[in-house]
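**Student:** Sharing a structure with you now.
The values are calculated or read from the model by the stated rules, or taken from the named source; none is laboratory data. Computed from a predicted structure; not experimentally measured. Quick reminder, even Gly has a Cβ in these numbers, built from the backbone with ideal geometry, and neighbours come from all protein chains shown.
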């Protein structure tokens with residue numbers, strides 16, 4: 001099949017429809033009210049990153065005109081226009097949802113979000129006191145004039161654009177919000193009524209205290225937020241020079257090209273024109289919004305009401321056969337174990353690393369990390385291992401987007417503590433999540449492996465649904481030994497037998513697995529694939545899946561985010577079904593199941609079907625060999641395929657229609673998986 005003629009959905013447009021699924025969760029009345037607010041925050045945060053990275057890239061390409069069309073196969077200017085139209089519609093839906101539904105339902109719960117016009121005398125005094133004690137010293141307005149250049153606005157910071165008027169003459173000013181204080185303040189309760197106010201409205205209420213030296217009749221203040229290009233122009237050399245280069249580039253993010261100006265739609269036209277002219281922005285960069293920006297802060301909206309206004313926090317389940325009171329390595333030496341977070345406890349991974357750090361028989365620990373928790377217990381275990389005389393090697397991916405500064409800080413701390421820190425391979429991000437422990441047993445080295453679909457991050461493990469495998473299987477550990485040897489020499493691993501590693505092996509290995517299903521389908525045998533991932537955007541893989549569908553291979557896919565493949569399309573994908581699950585936890589695991597003539601093959605991997613994951617990153621896919629664990633993974637996937645509550649159909653119509661099955665019984669995968677793991681061994 002000619003890849004150039006493959007029907008696909010534009011990846012940016014597909015991503016926006018994914019974010020619309022997040023907005024659906026915020027609109028779903030069955031979702032607890034505080035969690036609906038959190039989904040609004042996630043939607044907003046997602047959109048910020050989308051503009052900083054994807055729209056920024058498209059804007060650069062749009063400047064290439066015809067050459068860009070030739071490279072991309074589409075007109076980036078046209079796509080940018082589509083993006084704006086979709087985002088404006090979504091922002092309208094977002095604002096209506098927040099202002100006309102969420103706020104009213106909070107009021108029904110006797111929780112009131114007050115603005116600056118709704119404060120009585122006693123609450124007004126409380127707010128004034130809070131402002132003078134906590135806020136006033138942090139606020140220094142910048143007075144604007146035609147003679148002085150407009151100051152550089154910080155990326156994603158919130159500002160008030162202020163106009164003071166006296167006898168039809170006006171002064172303009174900017175006030176930057178402090179980002180070191182909570183966005184919400186809980187006011188004193190009255191008659192069992194709860195009150196919350198945003199810092200935005202505390203500042204609005206106290207504008208006179210800021211501008212008291214200026215004679216004026218009126219003050220107006222409207223919020224604005226600028227999103228800048230967040231891509232980095234980096235020196236790719238892997239060295240200390242590279243770390244310095246990255247550190248400097250992070251500072252440049254503040255001054256990237258303006259990509260989006262979100263503004264209060266109540267702002268008078270003359271004030272908006274002033275900003276647009278002084279900032280040199282264009283129409284496609286302007287997004288009208290409501291009076292509150294940087295909604296991502298609403299992720300920490302305080303629940304001052306009933307516990308039922310939030311999802312019940314499930315107690316992490318134990319893994320059958322594993323115990324914190326015994327040597328975990330002793331147990332893993334006897335059989336493989338699978339940890340499915342957040343349903344099961346991530347503490348097993350931390351216990352594995354802690355045990356390796358203190359076990360006298362452990363000689364070496366090698367690990368590759370991508371995103372780390374702020375106060376990472378993983379890193380602390382590695383530092384303690386080095387202090388205990390172990391040889392510890394840690395590959396830190398410095399280019400983990402938006403985690404670069406955190407990773408730089410940790411890499412320097414590790415080096416100070418005697419850990420050998422590796423910085424990857426020039427031109428390739430190391431996105432794999434792998435760890436290998438070498439232990440001296442009966443005079444020989446034995447290897448214990450920990451491989452995961454998710455990051456070595458105990459914080460995100462509470463929210464991200466991932467699988468982690470603990471094993472001593474030599475087919476896996478022998479390959480891991482070779483991978484870490486290659487990474488220590490800054491070269492790509494080759495000649496592996498069991499693991500599927502990008503960028504060398506992934507594409508040919510995946511094609512081989514798909515071709516095997518095609519061959520079986522053509523021979524009249526049962527042939528199917530079940531593929532779960534975060535994103536599908538690689539056109540060559542889309543073409544390969546179309547080829548398999550046309551050959552009669554039955555394909556079911558679970559894709560959380562963007563999906564450029566169009567399912568159910570005559571002549572291409574009549575045998576492909578795609579669903580997306582967006583729910584309480586973020587579906588992050590990548591799982592491949594191949595029929596293989598009835599002898600199913602199951603792989604877990606860190607890679608999506610994105611060109612970057614296949615061709616320009618070091619990713620590790622690993623087989624599940626243990627029959628009990630294969631059944632467990634398959635059972636979990638079957639529960640997800642049966643979901644008729646939180647899954648949506650992904651097709652050419654982009655309507656995000658909820659997926660229904662024939663059971664007639666409500667089935668919700670994330671609830672069903674928790675119960676399955678809780679009761680399967682009882």
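**Student:** Look through 468, 477 and report the one residue that is more than 23 Å from residue 570 (Cα to Cα) and part of a strand (DSSP E or B). Break it down into steps so the answer makes sense when it comes.
**Tutor:** Details: 477 fails: part of a strand (DSSP E or B).
Among 468, 477, only 468 is more than 23 Å from residue 570 (Cα to Cα) and part of a strand (DSSP E or B).
**Student:** When the stretch 533-547 is examined, which residues are found to be more than 22 Å from residue 73 (Cβ to Cβ) and surrounded by fewer than 24 Cβ atoms within 10 Å (Cβ to Cβ)?
**Tutor:** We begin by selecting, within the stretch 533-547, every residue more than 22 Å from residue 73 (Cβ to Cβ); these are 533-534.
Once the filter is applied, which keeps residues that are more than 22 Å from residue 73 (Cβ to Cβ) and surrounded by fewer than 24 Cβ atoms within 10 Å (Cβ to Cβ), the stretch 533-547 yields only 534.
**Student:** OK, next. For the stretch 131-157, enumerate the residues that are within 35 Å of the chain's Cα centre (by Cα), outside any loop (DSSP other than H, G, I, E, B) and over 24 Å from residue 171 (Cα atoms).
**Tutor:** 134, the sole residue that qualifies.
**Student:** Could you look through the stretch 647-667, keep only residues that are in a loop (DSSP other than H, G, I, E, B) and touching a helix residue (DSSP H, G or I) at 6+ places or on another chain (Cβ under 7 Å), and pick out the one that is surrounded by the most Cβ atoms within 10 Å (Cβ to Cβ)? Even if it seems obvious, please write down each step before you answer.
**Tutor:** Quick first cut of the stretch 647-667, residues in a loop (DSSP other than H, G, I, E, B) only: 650-657, 659-667.
In the following step, the residues that additionally are touching a helix residue (DSSP H, G or I) at 6+ places or on another chain (Cβ under 7 Å) were identified as 654, 656.
On the way: 654: 16, 656: 18.
Per the criteria, the residue is 656.
**Student:** So which strands (runs of 3 or more DSSP E) are wholly in the stretch 529-617 and hold at least 3 residues that are in contact with a strand residue (DSSP E or B) (Cβ under 6 Å, 6 or more places away or on another chain) and more than 23 Å from residue 493 (Cβ to Cβ)? Break it down into steps so the answer makes sense when it comes.
**Tutor:** On the way: elements: 554-559, 576-581, 590-594, 601-605.
The strands (runs of 3 or more DSSP E) meeting that bar are 554-559, 576-581.
**Student:** In the stretch 397-429, what count of residues is obtained for those that are farther than 21 Å from residue 383 by Cα and either part of a strand (DSSP E or B) or modelled with pLDDT of 85 or more (or both)?
**Tutor:** If we filter the stretch 397-429 for residues that are farther than 21 Å from residue 383 by Cα, which is where we start, we get 399-402, 425-429.
Filter once more, keeping what is either part of a strand (DSSP E or B) or modelled with pLDDT of 85 or more (or both): 425, 428-429.
Summing the residues that are farther than 21 Å from residue 383 by Cα and either part of a strand (DSSP E or B) or modelled with pLDDT of 85 or more (or both) in the stretch 397-429 gives 3.
**Student:** Does residue 611 satisfy the criteria of being closer than 13 Å to residue 534 by Cβ and over 16 Å from the mean Cα position of the chain (by Cα)?
**Tutor:** So residue 611 fails the test.
**Student:** Then there is this: Please specify each residue of the stretch 334-362 satisfying the condition of being in a strand (DSSP E or B) and more than 21 Å from residue 679 (Cα to Cα).
**Tutor:** We begin by selecting, within the stretch 334-362, every residue in a strand (DSSP E or B); these are 337-341, 344, 362.
Correct list: 362 only.
**Student:** Also, quick follow-up: Give 397, 374, 416 a once-over and let me know the one that is farther than 30 Å from residue 602 by Cβ, in the same structural domain as residue 335 (by TED's automatic domain parsing) and under 24 Å from the mean Cα position of the chain (by Cα). Outline the logic, then answer.
**Tutor:** Working: 397 fails: farther than 30 Å from residue 602 by Cβ; 416 fails: under 24 Å from the mean Cα position of the chain (by Cα).
Residue meeting the stated conditions: 374.
**Student:** Sticking with this structure for a sec: Can we say residue 113 is within 23 Å of residue 305 (Cα to Cα) and buried (at least 16 other Cβ atoms within 10 Å of the Cβ)? Working first, answer last.
**Tutor:** On the way: within 23 Å of residue 305 (Cα to Cα): yes; buried (at least 16 other Cβ atoms within 10 Å of the Cβ): yes.
Spelling it out, residue 113 is indeed within 23 Å of residue 305 (Cα to Cα) and buried (at least 16 other Cβ atoms within 10 Å of the Cβ).
**Student:** Turning to a different aspect of this structure: Looking at (1) under 30 Å from residue 418 (Cβ atoms); (2) assigned to a helix (DSSP H, G or I), can you tell me which one residue 365 breaks?
**Tutor:** Failing condition for residue 365: (2).
**Student:** Continuing with this model, one more query. Select, from 162, 127, 186, the only residue that is at pLDDT 90 or above, surrounded by 16 or more Cβ atoms within 10 Å (Cβ to Cβ) and more than 20 Å from residue 224 (Cβ to Cβ).
**Tutor:** Details: 162 fails: more than 20 Å from residue 224 (Cβ to Cβ); 186 fails: surrounded by 16 or more Cβ atoms within 10 Å (Cβ to Cβ).
Going through 162, 127, 186 in turn, the sole match is 127.
**Student:** Now for a different question. Run down 202, 197 and say which single residue is assigned to a strand (DSSP E or B), touching a helix residue (DSSP H, G or I) at 6+ places or on another chain (Cβ under 8 Å) and in contact (Cβ under 8 Å) with a residue 40 or more places away in the chain.
**Tutor:** Values: 202 fails: assigned to a strand (DSSP E or B).
Matching residue, one of 202, 197: 197.
**Student:** Just one of 368, 386 is assigned by TED's automatic domain parsing to the domain that holds residue 477 and over 30 Å from the mean Cα position of the chain (by Cα); which is it?
**Tutor:** Values: 368 fails: over 30 Å from the mean Cα position of the chain (by Cα).
Of 368, 386, the one residue that is assigned by TED's automatic domain parsing to the domain that holds residue 477 and over 30 Å from the mean Cα position of the chain (by Cα) is 386.
**Student:** Only one of these is part of a helix (DSSP H, G or I), within 26 Å of the chain's Cα centre (by Cα) and modelled with pLDDT of 85 or more: 314, 297, 303. Name it. I'd like the intermediate steps shown before the answer.
**Tutor:** Numbers: 314 fails: part of a helix (DSSP H, G or I); 303 fails: part of a helix (DSSP H, G or I).
Among 314, 297, 303, only 297 is part of a helix (DSSP H, G or I), within 26 Å of the chain's Cα centre (by Cα) and modelled with pLDDT of 85 or more.
Per-residue answers, yes or no, for (1) surrounded by 18 or more Cβ atoms within 10 Å (Cβ to Cβ); (2) without any contact (Cβ under 8 Å) to a residue 40 or more places away in the chain; (3) touching a strand residue (DSSP E or B) at 6+ places or on another chain (Cβ under 9 Å); (4) farther than 20 Å from residue 463 by Cβ:
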| position | (1), (2), (3), (4) |
| --- | --- |
| 269 | no, yes, no, yes |
| 276 | no, yes, yes, yes |
| 285 | yes, yes, yes, yes |
| 294 | yes, no, yes, yes |
| 301 | yes, no, yes, no |
